Structure formats: structure tokens, C-alpha cells
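Accompanying notes for the structure given below.
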Amino acid sequence: MLNHSLTAKGFLLNAGLLFIAVLIIATSVAAQQSQDERQRAIDLFDANNFIAALPLLEKLAVANPNDREVLSRLGFSLYANSAGEKDPVARKKVRDRVRLILLKARSLGDNSNVTNMALEVLSRPDAGEVSFSNIQAADAALKDGEAAFVRGELDAAIAAYKRALDVDPHLYQAALFAGDAEFKKGSNSTDPQFRAVHFDAAGVWFAKAIAIDPNAETAYRYWGDALDAQGKMNEARDKFIDAIVAEPYGRRAYVGLTQWAQRHKAQLGHPHIEPPNSTTTQGAKTTLNIDPRTLDSKDGSNEWLMYDLTRIAWQKSDFSRNYPAEPAYRHSLKEETAALRMVAEACAKDLKSGKVKELEASLETLVKLNDAGLLESFVLFARPDEGIAHDYAAYRATNRDKLRRYWLEVAIIPG
């Protein structure tokens, strides 16, 4: 009886172990299938085949609603596919859903460019309700290109963008999108020669876009990506700088250079120069609040008083003399530069005369910026407010080289 009992227990134990083994194998197979499906969805997304990627991403998001990489790609794929939706109400529903998905991805720690850029686009009016061109044939061709691009049909997209540009030679987006499609063709291949041909072709299109609008950042940034993919590190850096020079007060312009710096172990940063004193104004009365540390003349800090006195003079009378057509005072590039220059020149004089043996670090940097002719560039990039930004376009029109030099010589620190 005992032997029968042990035999029965052994059979049950073996059966249980077999069940567990089968369950483990089945779970492992399911996990591998899920992983394969995830990789296929990502590959389709990276190949710009958003239509094919979408159902896979939807399924993956249901299976794992906290996969931030899947959520990011799902949101962007939904957004890309909504471009072909003609009904504005339906398109709005998709955009609202996309925003929620991307915000969830961000809450889970996703800070990718895909998510950030899509959320930025969604914060603006729906481009589907805006015409790209006043010429109907050009607008229709460009939208045909966008539809082909979403399907991953890059050759058809390029042909449509070319038609759009032929009809409307001033259509920036046509040249830009054609270049982007050529870049994607190159990115999707592992053949070095094929990649080089299409990255170069992308550059030709981006150059056309820049010729149409040199003050739009996107073509510079996209061109930088193509150059960096070819290993042309310095040329890529220069294009990313051009993107910032084109549009310095939007976040997108900085994406390219930031990523470039991360890839090439460089650091980005503006010199820390902060005037220590402050003023308060009540009615017609302005009070200067002096930081006691600036009363010490041994390191030049006392010269910060020149900054404050210069700015007070601008607020009282100098602004109206310099900007007679403007009815109300605003903080301007001329004012900020004049105030900082007064400090820089006074410190340089103190140093030359021997009154000061060594300047405080930020003052030493200020003198160097002034000597290099980069003080305005520093103010425009590192110390802008609404008033100063108002003067940017006029300065850029005649000083693009100085703006570039600031990044090359000051704000980029090689690794």
C-alpha cells in the first residue's frame, strides 16, 4: 500500500513539475514573441512606416501601459496618421488623445525629442487646417507628399514635394520635407555608399530651404543631423549653431546642438555674469540697492556701480533719445550692452593701471567678451528678456558671424 502511495505521489509530483515546465516554456515563448513584436513596431516606426507601426504599438500599449518608449512612438504615430484625416472634429479627437499619451510617456520619465517635439507641435494651432501655400496645386502636392511619407513611401513623397516646389518656388516646407525624406532613406540603409548619396541629396534640399528662408531654424538642424550621420562632426556643429542663430528663442533650435554635444562629449553653457546690485522704482523715484560685496575695489567689483548708473540713465532719458519712434521705455540690447561695456572698460582700465591686480572671475570674462567684440552676442543669447529679444533680428541682419563666433569661442566647451 505504501509503495502504491509513493508511486501515486511521484506521478503527481512529476505531473506538477511537467505542468510548471510547460508553463515556464509557454511564458518564455510569449515573452519572446512580445519582445519580437515590440522590436518590429520600433523598426517600422524608425522606417517612418507609421501606418504599419500603429496597430502594433496600440497592442503593445494595452499589454504594457507603462512602456514609455512604446507610448512615445504610439503618440507620434497617431499624430502622423491624423495628417490625412479631413474631418477637423475627428482630427481634434486624435490630437487630444495624442497629447494625453505623450504626457503620460513624459510622466514615466520619457524626455525624448520625439515626445518633446510632438507636444510642442500640439501646443500650436492644427496645421491640418492651414494651407502650406496660396497656390492650390502646390498645397495639394505637398499634402500628397505628407500622406506618402506617413505610409513610408519615401520616393513618392520626394516626387510630390518636388512637384510642390516646382509650382511654388518659395515653399520652404517642400524643400525641407524633401530633404527630410532623403535623410530618412539614407538612415534606413546600412550600405555606406547608399547612405552617403542620400545624405548628400538631403543637404542639397536643405540648402534650397535655407535659401528660401535663412531665418528658419529647421533646415539647418536637419542638415546638421545628416552631416553628423556621415561623421562630419564640425560641419554638423556649424549647422546646429546656424539653427540657433536663426531662431534663438525657441526650444527646438537647441535640440541639434544639445544632442551633438552629448554625442561628442562637449559641454554647452554661457558664462555666469550676474550684476549684483539692484534697483527699485516707485513712481518717479528710483532707489539703488548696493550689494556690500561690490564696495571692495581689490577685484574690480566696485565697478558694478557703473552698470546700475548707466541703466538708470537709460530709463530716464537715454532710451527716448535712442528710440524716438517708440512711445514707451523697454529694456533694450543697446542699454544692456552699454551698461556692461561701461563695467568692462572700467575694469580693463583698473587692471592696466595696476589699481587691480586680478579681477573677480566673472568680471575677467566680461572684459574678454568685450575685447572679442562678443558682448552683444552674450546679451542676446545669455541675458535676453522680451525687450532685448525685440532687437535680435536687426542685430542678426548685420552680425551673423559674431553670433556664430560666440557659440564656437564661448558657449561650446570641447570634451
Checklist entry - P(r) tail for the chain, what percent of Cα pairs lie past 33 Å? => result 52
Item to check | Estimated vicinal HN-Hα couplings, Hz - segment 254-259 in sequence order (Karplus 6.51, -1.76, 1.60; Gly, Pro = x) | outcome: 8, 4, x, 5, 4, 5
Next on the checklist: Explain nothing, just compute: Karplus ³J(HN,Hα) = 6.51 cos²θ - 1.76 cosθ + 1.60, θ = phi - 60°, for every residue of segment 268-280 in order, whole Hz, x for Gly and Pro.
Outcome noted: 10, x, 8, x, 8, 10, 10, x, x, 7, 8, 10, 10
Checklist outcome for this item: If one compares the long axis through the Cα atoms of helix 154-167 with the longest principal axis of the Cα atoms of the chain, the angle in degrees, nearest 10, works out at 40
Checklist entry - Taking amide H positions as placed 1.01 Å from N in the peptide plane, with prolines and chain starts having none, which residues 5 or more places from THR279, or on another chain, fall under 5 Å of its amide H? => result ASN289
Checklist outcome for this item: Sorted by chain and then number, the residues having a modelled amide H within less than 5 Å of the amide H of VAL356, at least 5 places away or on another chain, are LEU351
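Counting only C-alpha contacts under 8 Å and six or more residues apart, can you give the relative contact order of segment 278-408 as a whole percent? Before the final figure, lay out each step's value.
Numbers: 125 pairs, mean separation 30.8, N = 131.
Relative contact order comes out at 23 percent.
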Checklist entry - What's the angle, to the nearest 10 degrees (0 to 90), between helix 392-406's Cα axis and the longest principal axis of the chain? => result 80
Next on the checklist: What lysines does LYS402 reach when the alpha-carbon gap must be under 19 Å and sequence neighbours fewer than 8 apart in one chain are set aside?
Outcome noted: LYS239, LYS334, LYS368
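Restrict the search to segment 324-369; then list the GluC sites (Glu not before Pro) that DSSP places in a loop and that have at most 13 other Cβ atoms within 10 Å of their Cβ.
Passing both the DSSP loop test and the Cβ count: GLU358.
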Checklist outcome for this item: With -39,500 (n - 2.57) per DSSP H segment of 4 or more residues and division by the full residue count of the chain, the 222 nm estimate, nearest 500 deg cm²/dmol, is -22000 deg cm²/dmol
Checklist entry - Using a cut-off of 24 Å between alpha-carbon atoms, which lysines can reach LYS59, once sequence neighbours fewer than 8 places away in the same chain are excluded? => result LYS92, LYS93, LYS104
Next on the checklist: For segment 206-272, which trypsin sites (Lys or Arg not before Pro) pass both filters: DSSP loop (anything but H, G, I, E, B) and at most 11 other C-beta atoms within 10 Å?
Outcome noted: LYS265
Checklist entry - With no solvent and one point on each alpha carbon, what is the Debye value of log10 I(q)/I(0) for segment 278-408 at q = 0.09, 0.21 Å⁻¹? => result -0.29, -1.28
Checklist entry - Can you work out ³J(HN,Hα) from phi for every residue in segment 223-228, in order, using Karplus 6.51 cos²θ - 1.76 cosθ + 1.60 and θ = phi - 60°, giving whole Hz and x for Gly and Pro? => result 5, x, 4, 5, 5, 5
Checklist outcome for this item: So, relative contact order of the chain in percent, Cα under 8 Å, 6 or more apart, is 9
Checklist entry - Tell me, how many Å apart are the Cα centres for segment 288-320 and for segment 204-243? => result 42
Checklist entry - Against the longest principal axis of the chain, how steep is helix 2-46, in degrees 0 to 90 to the nearest 10, with axes from Cα atoms? => result 40
Checklist entry - Once you put a point 7 Å from the Cα of LEU103 and another 7 Å from the Cα of ALA229, both along the Cβ direction, what distance in nm separates them? => result 3.3
Item to check | Built amide H within the under 5 Å cut-off of GLU217, gap 5+ | outcome: none
Next on the checklist: Please arrange GLU247, GLU303 by how many other C-beta atoms lie within 10 Å of their C-beta, fewest to most.
Outcome noted: GLU247, GLU303
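We did not get these values from a lab; they are worked out from the coordinates using the rules stated. For clarity, every value in this text was computed on a predicted model and none was experimentally measured. Ideal geometry is used to build each Cβ from the backbone, glycine not excepted, and the neighbour counts take in all protein chains shown.
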